[in-house]
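The values are calculated or read from the model by the stated rules, or taken from the named source; none is laboratory data. Quick caveat: nothing in here was measured; it's all calculated off a predicted structure. Positions of Cβ are generated from backbone atoms using ideal geometry, with glycine treated the same way; all protein chains shown enter the neighbour counts. Heavy atoms of the whole protein, side chains included, go into the accessibility calculation; ligands, DNA and RNA do not. Shrake-Rupley method; radii C 1.70, N 1.55, O 1.52, S 1.80 Å.
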Amino acid sequence: MAHITDVLKKPVLTEKSMTLQAEENKYTFDVDVNANKIEIRQAVEAMFDVKVESVNTINGLGKTKRMGVHVGKRSDYKKAIVTLAADSKGIEFFEGLQ
């Protein structure tokens, strides 16, 4: 990957991700489909100045949709659940969202 903003697309702000953040110090991001765990770890540590303990990734396949005779497909996606180290401070971006 060329830059950290190419790896991390956007944060995932769902009820489940907010619960993980509050209880287990885990943050969820949509990431580039071609990004690996090492690139994700480096991007989060560089962008938010935190210490990452582990990275879990989830590959999602886009649904096939049709409207009449036209068939299309939604984009594939990849999510990363980043666990911060116990001694690391939280990510400031998420602090006012609960």
Identify all residues within the range 63-98 that are of a type in the set (Lys, Arg) and touching a residue at least 60 places away in the same chain (Cβ under 8 Å); write none if there are none.
Lys79
So how many residues does the range 1-30 have that are in a loop (DSSP other than H, G, I, E, B) and under 13 Å from the mean Cα position of the chain (by Cα)?
3
Residue ID - most open to solvent (accessible area, probe 1.4 Å), chosen from residues in the range 1-30 that are out of contact with any helix residue (DSSP H, G or I) (no Cβ under 9 Å at 6 or more places or on another chain) and of a type in the set (Lys, Arg):
Lys16
With the checklist (1) assigned to a helix (DSSP H, G or I); (2) buried (at least 17 other Cβ atoms within 10 Å of the Cβ); (3) of a type in the set (Val, Ile, Thr) in hand, flag the one item Val55 doesn't pass.
(1)
Could you say which residue among Val71, Val33, Val50 is more than 10 Å from the chain's Cα centre (by Cα), of a type in the set (Val, Ile, Thr), in a loop (DSSP other than H, G, I, E, B) and surrounded by fewer than 16 Cβ atoms within 10 Å (Cβ to Cβ)?
Val33
